[in-house]
Each structure stands twice: as C-alpha cells, then as structure tokens.
Amino acid sequence: MRWIDISQPFHNKTTTWEGDLPFTYTLAFSKEQTGSVNLGRIATSVHTGTHIDAPFHFDSLGETVEQLDVNEFIGVAQVVHVIDVPVIEPEHLTLDERAQFLLLRTTQTASTTAFPKQYATLSPRLGPFLKDANISLIGVDTPTIDPVDSKTLDAHHALYASRIHILENIVLDEAAEGLYDCIALPLRIDGADGSPVRAVIRPIV
C-alpha cells in the first residue's frame, strides 16, 4: 500500500495565525547568478502548516523539540471522523486497542489558505481518557486544539499531563476511518517550541 501525505503544502498563501510570521519561499540566488545552483530561502513560524507543539510552547519548563524522542512520532494511528462536533469529548470516540495515535477529521474539507472562523476543540477530559487507552499522540485537522482566544490552553495542558503529543493542521480529506501506519517527524530544532512536520499514513490491511 502507498503512503498518503496528510501534511499541508507550504506555499506563499499557506494560512497562519494573525500576527504570526507567514511562510515565504524565495529564490535567493539563481543558477545564472551563482554559476552552479539555484539557492532558495524560507521564513516561517514553526506553527504554520502541519506541525507539532512541543511542551515548551505552553509550558516554560516543558521539553523543546530536540528533547522529544523521535520514536514517539512513529506508530499505529486510528483515523476517526467527528465531523461538525464543536467540542470533542470521550463519548464521541470508540478506540481500537491496537492504536497508539489518534487522528481526528473534524471537517469535510480542511482549508490550507484560510484560517477557520470556527473549528472543533478538544475537551480537557480527553487527556486521562486517551492515556488510559494508551494513546501517545493526537492529531487534528485544525490549527489548534483549544479555543482561539484561550489563555489557559486547558486541552494542551491536559494532554501534556498525560504525556500525549499534539499534532496540528493535518489533512484527512481523503482518509477513511481505520488503522494506519503513521510517521509524523518534527525537525530537530534546538530550543524550539514547535516544528513543521511531514506527516504520512499507510492503511493497515
């Protein structure tokens, strides 16, 4: 079975948080200028596009990206559709005991060029619920898991207390419910509070 890319493409219209640094790619030097190669340059917030939140993002004593175990971003994922559910609670989920990760599709079509006016959030109750189910990573097709104006970030802290990693802005438009192999590796950025991720899944048959 082929791998399915569930990460947002980076381009100069990729959406990001208001006031945050948008993604840009520019050709800094052309082959005509250098005589040998084209040389590109990017600028971006680490929370643009598909990305993980390191604990340091919301806890000044939490781990930064390079301190996270790379093995914790490779595992068996369960894709679950919870379309048009404003706040996702444990009661909305039926989990497969083989799953290590949980990937939630909350919209019919996830936009990569417009910040959503409304999006599903996660209940803090999911932290202990998912820990009891041996889930170590949760992925969502939204830019964050808490309300956009939250200062307490209750869902982030509840998941961190249960040692569950957070993957945001995935694209599950073409992913049916079921079990998948999953690879969602962050870049090794020293001291960073988050990182872009190239996330892929492959159906388990």
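Computed from the coordinates by the stated procedures, all read-outs in this text should not be read as laboratory data. As the structure is a prediction and not an experimental result, all values here were calculated from the model. Cβ atoms come from the backbone with ideal geometry, glycine included; neighbour counts cover every protein chain shown.
Please report, to two decimal places, log10 I(q)/I(0) for the range 1-118 at q = 0.09, 0.13 Å⁻¹ as given by the Debye formula with identical point scatterers on the Cα atoms and no solvent. Values, matching the q order: -0.40, -0.79. Ranking 111, 148, 25 by Cα position along the charge dipole of the chain, where only Lys, Arg, Asp and Glu carry charges on their C-beta atoms, puts 25 farthest toward the positive end. Taken about its Cα centre, the range 1-84 carries a charge dipole of roughly 580 debye when the Cβ of each Lys and Arg holds +1 and the Cβ of each Asp and Glu holds -1.
For the chain, the Cα gyration tensor yields ellipsoid semi-axes of 29, 19, 17 Å (square root of five times each eigenvalue, largest first, whole Å). If you wrap the tightest convex hull around every Cα atom of the range 133-205 and split its volume per residue, you get 126 Å³.
I'd like the distance between the alpha-carbon centres of the range 75-139 and the range 1-36, rounded to an integer number of Å. Cα centres, the range 75-139 to the range 1-36: 27 Å. Each peptide in 183-191, 24-32, 155-163 receives the mean, over its residues, of other Cβ atoms within 10 Å, and ordering these scores from highest gives 155-163, 183-191, 24-32.
Going by how many other Cβ atoms sit within 10 Å of their own, how do 193, 53, 69 line up, fewest first?
Details: 193 20, 53 25, 69 8.
Ascending number of Cβ neighbours within 10 Å: 69, 193, 53.
Taking only C-alpha pairs under 8 Å that are 6+ residues apart, what is the relative contact order of the chain in percent? Provide the component values of the computation, followed by the final result.
Details: 463 pairs, mean separation 61.8, N = 205.
Averaging sequence separation for qualifying contacts and normalising by length gives 30 percent for the chain.
Eight or more residues apart or on different chains, and alpha-carbon atoms under 29 Å: count the Lys pairs in the chain matching that.
Numbers: 13/31; 13/117; 13/151; 117/151; 131/151.
Step by step, the pairs that qualify in the chain add up to 5.
Could you tell me which of 171, 12, 44 has its Cα farthest along the dipole of the chain towards the positive end, charges placed at Cβ (Lys, Arg +1; Asp, Glu -1), taken about the Cα centre? The residue sitting farthest along the positive end of the dipole is 12. Look at 65, 37, 205 and count the other Cβ atoms within 10 Å of each Cβ; fewest to most, that gives 205, 37, 65.
Using only side-chain charges placed at the Cβ, +1 for Lys and Arg and -1 for Asp and Glu, the dipole size of the chain relative to its Cα centre rounds to 560 debye.
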